[in-house]
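The values are calculated or read from the model by the stated rules, or taken from the named source; none is laboratory data. Just so it is clear, the structure is predicted and the values come from calculations on it, not from any experiment. Reconstructed Cβ throughout: ideal geometry from the backbone, glycine too, with neighbour counts over all protein chains shown. Heads up: the accessible areas ignore ligands, DNA and RNA and are worked out on the full protein's heavy atoms, side chains in. Shrake-Rupley method; radii C 1.70, N 1.55, O 1.52, S 1.80 Å.
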Amino acid sequence: MSRLVYVLNGPNLNLLGKRQPHIYGSETLADVESGCRALAAELGLALRFLQSNHEGQVVDWIHEAREAAGGIAINPAAHTHTSVAILDALNAFDGPVIEVHISNVHKREPFRHHSYVSLRADGVIAGFGTQGYGLALRRLATLIDAKAEAEAGGPRS
Ligand code: DHK
């Protein structure tokens, strides 16, 4: 079981720290990436940390993850609420998937309350700010370990 994890970020997250800081906070995406890299090293995970404003690019990265990765953490941003294409791509991925939202989408406009990605996600984190990324990595590490154990025929002694 691969310990490589993809952390995928959708549209406008390149503006993190500058865009609506009262909602998304003041950390930049580069800050989030360096926090994730430090934690991944602690957890024994390798990381591919990516952002795109284009839906098809996110789909292509999920296809790439199918071949290489043990898990995916994804903040699909606005695509959360619209993208059957991203849901279909995630449905073609075998490992654990954790959906991350920086803000509490359920406290916001009604159109943000529905997520296509939640139909596939093994867990959803919302409203924990950028800390949610670290929580997602910890959960992925647990799920990847559990899957590896199950594949090896039970817990190691
Ligand atoms: C980020 C976005 O860009 C929004 O479109 C989502 C999500 C919420 C977040 O909270 O990280 O609705």
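Brief remarks on what is shown
- Segment 95-102 - phi-based ³J(HN,Hα) in whole Hz, Karplus 6.51/-1.76/1.60, Gly and Pro as x: x, x, 10, 10, 8, 10, 10, 5
- Segment 34-112 - convex hull of alpha carbons, volume per residue in Å³: 107
- Accessible solvent surface per residue of the chain, calculated while the other protein chains remain in place, 1.4 angstrom probe, Å²: 49
- Listed peptides 137-144, 3-10 by packing density, highest first (mean Cβ within 10 Å): 3-10, 137-144
- Protein accessible area in segment 74-157, 1.4 Å probe - carbon and sulfur %: 53
- Ordered by 1.4 Å accessible area with all protein chains kept, ASP94, ASP60 run largest first as ASP94, ASP60.
- Histogrammed with a bin width of 10 Å, the alpha carbon distances of the chain distribute as 11, 43, 35, 9, 2 percent, first bin at zero.
- Virtual paramagnetic centre 7 Å along Cα→Cβ of ILE23, amide N under 19 Å, in segment 86-103: 100-103
- Under a Gaussian network description of the chain, with springs only between Cα atoms under 10 Å, the residue in PHE111, PHE128, PHE93 that fluctuates furthest is PHE111.
- 3J(HN,Hα) from dihedral phi, segment 136-142, Karplus parametrisation 6.51/-1.76/1.60, rounded to Hz, x for glycine, proline: 5, 5, 4, 5, 4, 4, 4
- Relative to the longest principal axis of the Cα atoms of the chain, helix 55-68 runs at roughly 10 degrees.
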